[in-house]
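Below is one structure, written out as structure tokens; the observations come after it.
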Amino acid sequence: MRTARMIHRAKSSHLGSAYSMADLLAVLYGRILRIDPKQPEAAERDRFVLSKGHACAALYAVLAERGFFPKDWLEDFYQDGARLAGHATHVGVPGVEVSTGSLGHGLPIACGMALAGKRDGCGYRVFVMLSDGECDEGSTWEAALFAGHHQMDNLIAIVDYNKIQSLGTVKEVLDLEPLAEKWRAFGWSTREIDGHDLAQIEETLTSVPAESNKPTCVVAHTVKGKGVSFMENKLLWHYRAPDQEEMTKALAELGVEQ
Amino acid sequence: MRGAFFRALLELAEQDERVHLVVGDLGFGVVEEFARRFPKRFLNAGVAEQNMTGIAAGLALSGKIVFTYSIANFPILRCLEQVRNDVCYHNANVKIVAVGGGLAYGSLGATHHATEDLAILRSLPRMVVVAPGDPVETDAATRAVTTHAGPCYLRLGRAGEARVHTGGIDFQLGKAIQVRDGKDLTLVSTGGMLETAVKVAGTLHRAGLQTRLLSMHTVKPLDSDSILAAARETGAVFTLEEHSVVGGLGGAVAELLAEAGEGVVVFKRFGLPSTFSSVVGTQEYLRAQHGLSVESLEAVIRSTLEKNRALAATSRS
């Protein structure tokens, strides 16, 4: 809801990408991540890397909800002089571990963080949210190969598999299937879930690593623009910001009183 | 330079347990001792430089001082966006080390010529760009980049360069070393051209041209004070680098002089043209092909100065 308002106000984009991972983020930040908003840089904290940085509006909303920074920071998201930029930015924003926006950067950085944790004997886990589109990037698979080889069982990759990328469906642009099998072949313990089934998400992310001595990949089947009927599975909502009428309709569907 | 780098790195790793070395499956015969002595701080990331650089950033964001190591353009251009976003934007404490700067891998061909690296890395915010001139400077530079908190690029030549500095040196990032003083012209050298520069300065000196020689081991931040003093005091500045004349040391000095308003200064860049080498050959051969031999440099410096004197005489008359 906050995300929609942010994007509406800012006339920015990527609402569909934010909504497809919103349920995953809600479970991560509500139940899974061992984090303390009062100590965002505590050495033992779990790390969350949003590799699909274009969907940052949802991350900012959930961080504000958890109290990492005041909710009024959301109000001028993406606007001139604002604190929050249109791609995930760590500068001056507590809780954002890594700045992203160019695809294929998150998993390698997360590998470095996970490796440091292992070598230092720290118990933290590193979670990374990937888009399906960035599974086109070679760097993602360089890191996948690395993490499997090095048995990084403190690393969890979640692929927000909404099956729509920038110019079309994943199937049309560069088919990833069989996606789960690819991760498995790279040495990852892989599970496929419904990325909007809160109980299934929680059950899956609670029981990581799914196998010892292996990184975990959760292929989450999701719906782009989930929750708003006229946005669901529509490429248009990778780009479009809702106008006033669309906002009213969307918020009604999301069950928000205006 | 390679030997001097590894000797210094081993010492630094002994003293500071934050020091890590991440290599891109290169360094046969030189990385093994580090791997043996510090196995938990060594990593071969494989032939995957984008991931290598992302991992280095992740390690650095977890409190480590991380050296990435490969040859020629592999640790910088192959993964340039990782260098820009993951390392520089996050101010990650990563030191990128490239062996084979310039034409060191001459005969291996243009893919292995690192001849635009200084220009490209100089343009990245926060990046400190260092190209030491001999093994003594390499030792000092390795220690200096380790102490500096933030991204650094260390461009090394190859193994076996001559030692130019015979005594100790006062090495500070961003501060040129004056190798000799002179009043008639200044030669500013970066990286492995230093040995050549010393010979050129010596030859010019014997011919009656007192040459100031600056070893500009740090290309960014540039020691503008030394350059401007040289322009004022000697009236002629020549830059020398085994790098494209576009955007490297010569470019940086040209920008500085053009904006400084120090009056008319004779200025010339010695370097490589912005082309791919069309001939096959060793470093020495290719340098000579591109006018970077002692004889050629000396001749061009003399003719440039003479032409300028003639012009000055004409304008006075």
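All of the numbers you see were taken from the coordinates with simple rules; none came from a lab. Owing to the predicted nature of the structure, the values given are computational and were not obtained by experimental measurement. Note that we place each Cβ from the backbone using ideal geometry, even for glycine, and neighbour counts take in every protein chain shown.
Distance check, please: which entries in A:Lys224/A:Lys249; A:Lys71/A:Lys226; A:Lys163/A:Lys224; A:Lys171/A:Lys214; B:Lys40/B:Lys64; A:Lys38/A:Lys118 exceed 19 angstrom between their Cα atoms? The partial results should precede the final answer.
Details: A:Lys224/A:Lys249 17 Å; A:Lys71/A:Lys226 23 Å; A:Lys163/A:Lys224 8 Å; A:Lys171/A:Lys214 28 Å; B:Lys40/B:Lys64 12 Å; A:Lys38/A:Lys118 25 Å.
Violating the 19 Å Cα-Cα cut-off are A:Lys71/A:Lys226; A:Lys171/A:Lys214; A:Lys38/A:Lys118.
Apply the Karplus parameterisation 6.51 cos²θ - 1.76 cosθ + 1.60, with θ equal to phi minus 60°, to every residue of the stretch A:10-23 and state each ³J(HN,Hα) to the nearest whole Hz, in sequence, with x for glycine and proline.
7, 6, 9, 8, 6, 5, x, 5, 6, 6, 5, 9, 4, 5
Would you report the distance distribution of C-alpha pairs in the stretch B:2-155 as whole percents per 5 angstrom bin, up to the bin with the largest distance?
Bins of 5 Å from zero give 2, 10, 21, 25, 24, 13, 4, 1, 0 percent of pairs.
List the equivalent ellipsoid semi-axes of the stretch B:165-290 in whole Å, largest first, each obtained as the square root of 5λ for an eigenvalue λ of the Cα gyration tensor. Write out the running numbers ahead of the final one.
Numbers: eigenvalues 99, 63, 46 Å².
Listed largest to smallest, the semi-axes of the stretch B:165-290 are 22, 18, 15 Å.
Express the C-alpha Rg of the stretch A:2-253 as a ratio against the empirical globular expectation 2.2 N^0.38 Å, rounded to two decimals. Don't skip to the answer; put the middle values down first.
On the way: Rg = 17.2 Å, N = 252, 2.2 N^0.38 = 18.0 Å.
So the Cα radius of gyration is 0.95 times the expected 2.2 N^0.38 Å.
Could you derive backbone 3J(HN,Hα) for the stretch B:166-181 from the dihedral phi with the Karplus parameters 6.51, -1.76 and 1.60 (θ = phi - 60°), listing whole Hz in sequence and x where the residue is Gly or Pro?
8, x, x, 10, 9, 9, 10, 4, x, 9, 5, 9, 7, 7, 8, 9
What is the set of long-range amide H partners of B:Gly46 at a cut-off below 5 Å, with H atoms built 1.01 Å from backbone N?
It is B:Asp25, by chain and number.
Compute the signed sum of charges (Lys and Arg +1, Asp and Glu -1) over the other residues within less than 9 Å, Cβ to Cβ, of B:Phe171.
Here the count lands on -1.
List every residue whose amide H lies under 5 Å from the amide H of A:Gly101, counting only residues 5 or more places away in sequence or on a different chain, with H placed 1.01 Å from N in the peptide plane.
A:Gly53
I'd like the antiparallel share, as a percent to the nearest 5, of DSSP beta bridges with both residues in the protein assembly as shown. Provide the component values of the computation, followed by the final result.
Values: 9 of 67 bridges.
Beta bridges within the protein assembly as shown, antiparallel portion: roughly 15 percent.
Please work out how much length the chain gains when fully extended from A:Ser229 to A:Arg83, using 0.36 nm per residue of separation minus the C-alpha to C-alpha distance, in nm with one decimal.
Gain on extension, A:Ser229 to A:Arg83, equals 49.4 nm.
Could you list B:Val219, B:Val97, A:Val62 so that the one with the fewest beta carbons within 10 Å of its beta carbon is first and the one with the most is last?
Working: B:Val219 29, B:Val97 26, A:Val62 20.
Result, fewest neighbours first: A:Val62, B:Val97, B:Val219.
Return the calculated 222 nm mean residue ellipticity for chain B, to the nearest 500 deg cm²/dmol, obtained by summing -39500 (n - 2.57) across DSSP H runs with n ≥ 4 and dividing by the residue count.
Taken over chain B, the calculation gives -11500 deg cm²/dmol.
What distance in nm separates the simple spin-label points at B:Phe267 and B:Ala207, each placed 7 Å from Cα in the Cβ direction?
2.4
For chain A, what does the helix formula give at 222 nm: sum of -39500 (n - 2.57) over DSSP H segments with n ≥ 4, over the residue count, nearest 500 deg cm²/dmol? Show your work: numbers first, answer last.
On the way: 10 runs with 89 residues, N = 258.
When only DSSP H runs of four or more count, the value is -9500 deg cm²/dmol.
Just to confirm a number: summing +1 for Lys and Arg and -1 for Asp and Glu over residues other than B:Tyr89 whose beta-carbon lies under 14 angstrom from that of B:Tyr89, what do you get?
Values: positive: B:Arg84, B:Arg126; negative: A:Glu97, B:Glu81, B:Asp86.
Residues near B:Tyr89 contribute -1 overall.
Using the Cα centre of chain B as the reference point, and only Cβ charges (+1 on K/R, -1 on D/E), how large is the resulting charge dipole? Debye, rounded to the nearest 20. Spell out each step's value before the answer.
Details: 32 positive and 32 negative charges, 35 e Å.
The dipole of chain B has a size of about 160 debye.
For a quick check: with amide H placed at 1.01 Å from N, whose amide H comes under 5 Å from B:Arg180's, ignoring anything fewer than 5 positions away on the same chain?
Long-range HN contacts for B:Arg180: B:Leu213.
Among A:Trp188, A:Trp73, what is the fewest-to-most ranking by other Cβ atoms within 10 Å? The partial results should precede the final answer.
Values: A:Trp188 26, A:Trp73 17.
Fewest-to-most Cβ neighbours within 10 Å comes out as A:Trp73, A:Trp188.
Please give the direction-averaged projected area of the C-alpha convex hull for the stretch A:124-258, in square nanometres with one decimal.
Working: hull surface 37.5 nm².
Value for the stretch A:124-258: 9.4 nm².
Give me the one-decimal Kirkwood hydrodynamic radius in Å for chain B, with the sum taken over alpha-carbon pairs. Let's see the in-between values first.
Working: mean 1/r = 0.0503 Å⁻¹.
Radius from the Kirkwood sum: 19.9 Å.
Taking the radius of gyration and the Kirkwood hydrodynamic radius from Cα positions alone, what is the Rg/Rh ratio for the stretch B:30-91, to two decimal places?
Using Cα coordinates only, the ratio equals 0.97.
Once phi is turned into θ = phi - 60°, what whole-Hz ³J(HN,Hα) does the Karplus curve with 6.51, -1.76 and 1.60 give for every residue of the stretch B:115-131, x standing for Gly and Pro?
Once θ is set to phi - 60°, the couplings for the stretch B:115-131 become 10, 10, 4, 5, 5, 5, 6, 4, 7, 8, x, 6, 6, 8, 10, 10, 10 Hz.
In the stretch A:185-258, which GluC sites (Glu not before Pro) fall in coil by DSSP and have 10 or fewer other Cβ atoms within 10 Å?
Working: sites: A:Glu192, A:Glu202, A:Glu203, A:Glu211, A:Glu232, A:Glu245, A:Glu246, A:Glu253, A:Glu257; in loops: A:Glu211, A:Glu232, A:Glu257.
Qualifying residues, ordered by number: A:Glu257.
Are there GluC sites (Glu not before Pro) in the stretch B:1-71 that DSSP marks as loop and that have at most 16 other Cβ atoms within 10 Å, and which are they? It would help to have the intermediate numbers written out before the result.
Details: sites: B:Glu11, B:Glu14, B:Glu17, B:Glu32, B:Glu33, B:Glu49; in loops: B:Glu17.
Filter output for the stretch B:1-71: B:Glu17.
State, to one decimal in nm, how far the label point of B:Ala310 lies from the label point of A:Val173, with both points 7 Å from Cα in the Cβ direction.
Modelled inter-label distance: 6.3 nm.
Arrange A:Cys122, B:Cys88 by Cβ neighbour counts within 10 Å, fewest through most, would you? Show your work: numbers first, answer last.
On the way: A:Cys122 15, B:Cys88 19.
Taking fewest neighbouring Cβ atoms as first place, the list is A:Cys122, B:Cys88.
How fast does the protein assembly as shown diffuse by Stokes-Einstein, in µm²/s, taking the Kirkwood radius from C-alpha pairs at 10 °C and 1.306 mPa s? Write down the numbers at each step before the final one.
On the way: Rh = 25.9 Å.
Answer, rounded: 61 µm²/s.
In a solvent-free Debye calculation with one equal scatterer on each Cα, what is log10 I(q)/I(0) for the stretch A:1-115 at q = 0.15 Å⁻¹, listed in the order of the q values?
Values, matching the q order: -0.61.
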